[in-house]
Every structure is written in C-alpha cells, then in structure tokens.
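Undergrad: Take a look at the following structure, please.
The values are calculated or read from the model by the stated rules, or taken from the named source; none is laboratory data. This structure is a prediction, so every number in the text was calculated from the model and none was measured. Here the Cβ positions follow ideal geometry from the backbone for every residue, glycine too, while neighbour counts run over all protein chains shown. Heavy atoms of the whole protein, side chains included, go into the accessibility calculation; ligands, DNA and RNA do not. Shrake-Rupley method; radii C 1.70, N 1.55, O 1.52, S 1.80 Å.
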Amino acid sequence: MSDADGSGVTSFFAEYSTRALSAAVVVVATVVLLILGVLFPDSLAGTLADAITSRNTLASALRLSVPIAFAALGGIFSEKSGVINIGLEGLLIISAFTAVYVTDLTGGVWIGFGGGILASTLLALLFAIVTIEFRADQIIAGLAVWLIALGLAPFASQVIYGGPNTPTVASPGSISVPVLSEIPFFGALFSASPSVYLLFVAVAASWYVFERTAFGRWIRASGENPKALDTAGVNVSRVRYAAVLVSGVLAGIGGSALSLDLGQFTGNGPTMVNGKGFIAIVAYLFGNYNPIGAFFSTLLFAGLDAIQTVLQLEGIGLPRQLIRIIPFVVVIIVLALVGRTRIPEAAGDHYESGEE
C-alpha cells in the first residue's frame, strides 16, 4: 500500500473514530443522567431526566428538526456537486414568508406550501446563475442570498400587513396513527405534522439518490472530479444547476413547514428562522455529507433546544439567558469535532466544459 493510500486509510479511521467517540460520549452521558435522575428525582438530574424522557420533548424535537434537516439535505446536494451554498438561511426565510402570504391570499394551506417552495427554488436558481454561469464567488453570493431574504421578507410583510409579522393563517394540522400514537414517549413519532413524515421520506429518498442512482453518482463526481465527469460525456454545469435547484426545493419545504406549522411568519430581528440555516450547515458537516447522519445531528440540536425550553419553564435556578445558549454551545463543540470532515475536492471551484 502506498503512503498516499495509507494516509487516506488513517484519515478515514481518524474521522470515523471522532464521530464514534462523540456518539459514545453522548450515549454514556445520557444513561448516567437517567440513572441519577431515578436515584435523585428532586435534583437537577431528575429534572433533566424527566425532560429527556418526556413525549412532549420528542414531539418538540421532531418539529424543531424539520426546517434545519430539510436545509441540511439541500446543503448536501449543493455542496456535494461542488457549489457551496451558505445561503440556506435566506432560502428558509423567503420560503417561510411566501408560504404564509400565499396561504393568506388563496386560503389554501398546501397552495401556500407550494408557493414557499417555488420562492425558495427561484432564489436558488438566481444563486446558481450567478455562481455557475457568471462564476461569482460562492461564499459572497451565498451571503448575498441571505441578506436579500433577510431584508426582503420583513419589508414585504411591512408593506402588505403593516408590520414585520404576518397575521395568523391556517395550519396543516397533525396526523395521528391509531394505537401507535398512544405509545409512551415514542408515540410522538406517530402523532406529528405532515412535514415531519415528509422529512422521514426526504431523508430516505436523499440517501437512495446518492447511493443508488446515476444522478447521485454524477453529483458526487461533479464535486470530486468534474473533469472526469465531463470526459464521460455528462454536462457538469447541468448537474450543478440541478443540485442547487434541489437544494432550493428542500430548503423551501423546510421554510414553508416552519411558518405554516406555526401559522405565522415573524420577521423581527433575525426573523423566525433565527440561524437555522447556519445550524443546518453544521449538521451536514457533522453528518459527513450523509443524509441520515445529518438528520441525527439535527435531531441532537433540536432535542437540546426542546430541553432548554423545558428547563426555562421549570426554573432550575440558572438565568434563562444562560439556559437558552445551551444548544449553540453544543454547536460550537460540534464544530470543533468536525475538523476532520473532508469536503468535496472541487467544492467552491468553478468549471466549464472543455477545461483542461
């Protein structure tokens, strides 16, 4: 085996070990906490154990996971094709507002849902044209997408409704599976909004596309070795356009679900999206560009977010501001742990057919 091969194998096992160790630490810490919670039910450990094992916590974590996980799936498609899309936050914002506006305009929740997806896809198309056709810097273009949406959505709400927050509109409701929805804790999996079930399908479908289809192989080749893909007769630009548009569709589903599940768009400050697009980037990096890994990374953050909400209500003696930052501290730790994640070889690089 060559040194290069040996280095590659070493890097793979180092990367795998980091994630395996992180997962093991989380599992062991959770088990220890649950045991302490049983032994000392009136302590902080008892409060945390109750929060972790609550069906409401799982239900909340699933709901909070939806926009982040959909954006993460979109980011995987785009970045694995070689286009770094840090504008996911902007796609979530524009789709969240548009979904509520179209629902309010037409009275149809699913029409509004489609309107949000369309708005996100069109903004993703603009991003693709600027970065692929005109070869603009992908990071700057992604920031521009975010800033455009951050300013445009609240402004449109101000013009239309007289304020940054829209009025309340109809929500899709929830779907409950008889009998299964009554199961303690895990019953939350069988009594959720349609967007949660759609997320499960999207995660499985994304994994299938990357692992079992020609399109998935083209995306990977476009991000790793676009010259080889071009030599094989596949148009690299078309593959990248398709991947970025898919990212727009997926982020659009996440943004639409975020606002419609709540029945309102909130445009104050960083808007109701509040950094979820950037958390999505961390999720797919920690998941190593694997849709299933990205989903579980998202669920970890969302679970912590749900728990911190419970802790605020319980009043455990810590300032609410300190409790509120717990999920973001974990994100920083995760960022430190994913230092060995290998991004696609050609990510961020421009390519035109016929280049040498």
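Undergrad: Modelling each spin label as a point 7 Å along the Cα-to-Cβ direction, I'd like the residue 56/residue 158 distance in nm, to one decimal.
TA: 3.7 nm
Undergrad: State the three equivalent ellipsoid semi-axes of region 202-321, derived from the C-alpha gyration tensor as the square roots of 5 times its eigenvalues, in descending order and whole Å.
TA: Ellipsoid semi-axes (Å, largest first): 36, 16, 12.
Undergrad: Right, another one. Given a 1.4 Å probe and the protein chains all in place, what does the accessible area of residue 320 round to, in Å² to the nearest 10?
TA: 130 Å²
Undergrad: At 1.4 Å probe radius, can you tell me the per residue accessible area of region 148-220 in Å²?
TA: Value returned for region 148-220: 54 Å² of accessible area per residue.
Undergrad: So, in nm, how far is label residue 139 from label residue 185 when the simple model puts each one 7 Å beyond its Cα toward the Cβ?
TA: Reported label-point gap for residue 139 and residue 185 is 4.3 nm.
Undergrad: Further, regarding this structure: On full extension of the chain, what length is gained from residue 106 through residue 43, given 0.36 nm per residue of separation minus the C-alpha to C-alpha distance?
TA: Stretched fully, the residue 106-residue 43 segment lengthens by 17.5 nm.
Undergrad: Let me ask something else about it. Could you please put 224, 133, 89, 182 in sequence from largest to smallest accessible area, using a 1.4 Å probe?
TA: Ranking 224, 133, 89, 182 by accessible area, largest first, yields 182, 133, 224, 89.
Undergrad: Then there is this: What distance in nm separates the simple spin-label points at residue 125 and residue 262, each placed 7 Å from Cα in the Cβ direction?
TA: 2.9 nm
Undergrad: Can you tell me the FRET efficiency between residue 197 and residue 29 if r is taken as the Cβ-Cβ distance and R0 is 41 Å, rounded to the nearest 0.05?
TA: 0.85
Undergrad: Return the whole-Å distance between the Cα centroid of region 275-297 and the Cα centroid of region 82-115.
TA: 20 Å
Undergrad: To the nearest 0.05, what FRET efficiency results for residue 213 and residue 322 with a Förster distance of 51 Å applied to their C-beta separation?
TA: In this case the efficiency is close to 0.65.
Undergrad: Tally up the carbon and sulfur contribution to the accessible surface of the chain as a whole percent, 1.4 Å probe, everything protein left in place.
TA: The value for the chain is 68 percent carbon and sulfur by accessible area.
Undergrad: Let me ask something else about it. Rounded if a/c is under 1.5, else prolate if a/b beats b/c, else oblate: with a ≥ b ≥ c from the C-alpha gyration tensor eigenvalues square-rooted, which is the chain?
TA: Oblate.
Undergrad: Kindly give the semi-axes, whole Å and largest first, of the ellipsoid equivalent to region 123-273, taking each as the square root of 5 times a Cα gyration tensor eigenvalue.
TA: Taking √(5λ) for each Cα gyration eigenvalue gives 34, 27, 9 Å.
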